[in-house]
Amino acid sequence: MNSGIQCIVLLACIAVCSSASIMRCQCINTVPAVRRNRIADVRVHQPGPSCSKQEVIVILKDKTKLCLDLDGRQPQPKAN
């Protein structure tokens with residue numbers, strides 16, 4: 001193969017490999033719950049090509065981002 005073609009193939013491989021590493025789930029570590037009074041914003045990311053699961057990211061008032069554990073125990077409403 002011509003060295004010019006080899007260079008183009010190499011650059012194409014590098015581009016594909018580097019873009020694949022960017023696309024991944026954002027939530028690796030999760031927390032079971034967060035107190036409501038600490039929450040500033042909530043973002044929900046639906047499953048897609050970069051991540052196969054739904055992710056809920058909570059942004060606290062001190063700008064910390066936490067991922068909620070959606071598989072954990074859900075809070076139960078209080079009985080009257």
### Task
Those residues that are of a type in the set (Asp, Glu) and modelled with pLDDT under 90, I need them from the range 59-80; list them, please.
Asp71
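If I go through the range 29-66 residue by residue, how many of them are assigned to a loop (DSSP other than H, G, I, E, B), under 13 Å from the mean Cα position of the chain (by Cα) and of a type outside the set (S, T, N, Q)?
5
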### Query
How many residues are touching a strand residue (DSSP E or B) at 6+ places or on another chain (Cβ under 6 Å) and either surrounded by fewer than 14 Cβ atoms within 10 Å (Cβ to Cβ) or within 10 Å of Val44 (Cα to Cα) (or both) if we restrict to the range 55-66?
6
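Would you pick out the residues in the range 29-58 that are among the aliphatic types (A, V, I, L, M) and either in contact with an Asp or Glu (Cβ under 8 Å, 6 or more places away or on another chain) or at pLDDT below 90 (or both)? Can you show your working first?
Here is the first cut: in the range 29-58, the residues among the aliphatic types (A, V, I, L, M) are 31, 33-34, 39-40, 42, 44, 56-58.
If the condition is that a residue be among the aliphatic types (A, V, I, L, M) and either in contact with an Asp or Glu (Cβ under 8 Å, 6 or more places away or on another chain) or at pLDDT below 90 (or both), then Val31, Val44, Val58 are the ones that fit.
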### Query
Gln26: modelled with pLDDT under 80 and surrounded by 10 or more Cβ atoms within 10 Å (Cβ to Cβ), yes or no?
no
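The values are calculated or read from the model by the stated rules, or taken from the named source; none is laboratory data. Every value quoted in this text rests on a predicted model; they were computed, and no experiment measured them. Ideal geometry is used to build each Cβ from the backbone, glycine not excepted, and the neighbour counts take in all protein chains shown.
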